[in-house]
Amino acid sequence: MTTYSNLKYDHPFSSNATGTGSLTLISSQTASASTNISFTSGIDSTYDEYIFKFINIHPSVDDASFQFNMSTDNGSNYNVIKTTTWFQAYTSEDTGGGNLSYDGNADLAQSTSYQPISREAGVGVSGANSDDSLSGYIYLFAPSSTTYVKHFLGVNNYIYSGGETNSFNNFLGGYANTTSAINAIDFKFSSGNIDDGTILMYGVK
Amino acid sequence: MSTYTDIRYDYNLPSSVGGAMKLISEQTASASSSISFTSGIDSTYRTYMFKFINIHPSSAGTFTFNMSTDGGSTYAVTKTSTFFYARQNESGTPTGLSYETGYDLAQSTSYQILTDSVPVNNDDSASGYLHLFNPSSTTYVKHFLANMNNTYSIECFITGYGNTTSAINAIDFKFASGNIDSGTIKMYGIA
């Protein structure tokens, strides 16, 4: 008797099939002393939301800012104009306490610069200790729109160890102020390499 | 040898197959006074997520929501909520992080504000999401969390609860004034 377990699988389930999910892992890249990690394919009108997930991003140098930029020419240039906000909550491993504040050094106002994901250079992700890293995500909405700006939202946590060791919880929001389609995205540190870590790109229908 | 395509389908896939998040329905605005979801909110899922893609108003205003316990006949659930935002104008000022007492609610049946005023230029919009937890509970209040960004730039953080032990079974979205000129709202269930 034929059973599901001895069938040859040849049927692609529709994305609308009962029980199927709406989150698709499109691709993932793992750094190995990489100057940057770019996604230059797979960002198109297939999905109206993309999620980039950062798993234990570890820099080769101390206190570098992990950051990103977007491209409208498939990665030839990463210089999209952005206006953003950035704030943080942090506490010290050593002294406790806590702080919530806006950081005007990590936001952008109509700038083509890379957007900090962690705090700016000097107070960025610790690379000094082998267990230090950053993890979190960014949501990018409707990158293929040719009508609207491209909103994004992000949250992450990382360890900073300059002077004292802090846990930073960062919140960034903003938009790429362009009506051209975004079709590539680039991640890097402000200095040094991405020593280790994985970035996963998901599409959400 | 039998294959999937040549056998009669008689097997109901478990809800865990293919992921735990399911798109239940979506609606696209076209000069719509509001967008309501009046079916699909029940005990099937413990969390519902509403995703907003480029919500564009017909006139500048705040984007809002309310909930219903009577299938959408009335949207007047009592809510207590918080609202804060980070903002930066394209010109670089003002910037900052602020609590907005004008946008929170204290035991009010009014619509909950989800964004600051969304401008009305052709490329302006708001995007983000709203999580609604366990709407079918008849024991607990109904918590919600939202995170939105609208052009200016303003990133808004909203949390609160529908202060009712009746099941929530419908939800309504609209601008404080004017229409939802365009944009898509998707409702997902998360197992």
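Post the alpha-carbon centroid distance, the range A:33-81 to the range B:89-140, in whole angstrom. What the calculation gives is 28 Å, centre to centre. Of all aspartates and glutamates in the structure, those lying under 13 Å Cα to Cα from A:LYS82, and not within fewer than 8 positions of it along the same chain, are A:ASP107, B:GLU90. Residues considered: A:SER41, A:SER118, A:SER161. Largest GNM mean-square fluctuation over chain A, using C-alpha springs under 10 Å, is found at A:SER41.
Under 5 Å from the amide H of A:GLY174 lie the amide H atoms of A:THR85, A:PHE152, each residue being 5 or more positions distant or on a separate chain, with H modelled from the backbone and absent for Pro and chain starts.
Each residue of the range A:73-86 was assigned a 3J(HN,Hα) from its phi angle through the Karplus expression (A = 6.51, B = -1.76, C = 1.60, θ = phi - 60°), giving 10, 6, x, 5, 9, 10, 7, 6, 5, 9, 10, 9, 10, 7 Hz with x at Gly and Pro. Between B:THR101 and B:ALA176, full extension at 0.36 nm per residue minus the direct alpha carbon distance yields a gain of 25.3 nm. Among the listed pairs A:LYS205/B:LYS51; A:LYS205/B:LYS142; B:LYS79/B:LYS174; A:LYS53/B:LYS22, a Cα-Cα separation exceeding 22 Å is found for A:LYS205/B:LYS142.
When peptides A:71-84, A:137-150 are ranked by their average number of other Cβ atoms within 10 Å per residue, the highest-first order is A:137-150, A:71-84. Summing Cβ point charges (Lys, Arg +1; Asp, Glu -1) relative to the Cα centre of the range B:19-190 gives a dipole of roughly 480 debye.
Taken along the Cα-to-beta-carbon direction at a fixed 7 Å, the label points for B:ASN163 and B:THR138 span 2.3 nm. As a rough guide to protection, the peptides B:50-58, B:28-36 ranked by mean Cβ packing within 10 Å, highest first, stand as B:50-58, B:28-36. Residue by residue along B:118-125, Cβ atoms of other protein chains within 10 Å of the local Cβ number 3 on average.
Shielding value for A:47-56 is 1, the average number of Cβ atoms from other chains within 10 Å of each residue's Cβ. Taking a ≥ b ≥ c as the square roots of the eigenvalues of the Cα gyration tensor, an a/c ratio of 1.5 or more together with a/b no larger than b/c marks the protein assembly as shown as oblate. Which one, B:MET148, B:MET21, B:MET67, has the greatest fluctuation when you compute a Gaussian network model over chain B with C-alpha springs under 10 angstrom? Evaluated over chain B, the most mobile residue of the options is B:MET21.
Inter-chain Cβ neighbour count for B:83-95, averaged per residue, equals 5 (cutoff 10 Å, partner chain atoms only).
Each peptide in A:120-128, A:190-198, B:149-157, B:95-103 gets a packing score, the mean of other Cβ atoms within 10 Å over its residues, and the list from highest to lowest is B:149-157, A:120-128, A:190-198, B:95-103.
Read the figures in this text as sums done on the coordinates, not as results from a lab. Since this is a predicted model, take the numbers as computed values, not measurements. All Cβ positions, even for glycine, are placed from backbone atoms using ideal geometry, and neighbour counts span all protein chains on display.
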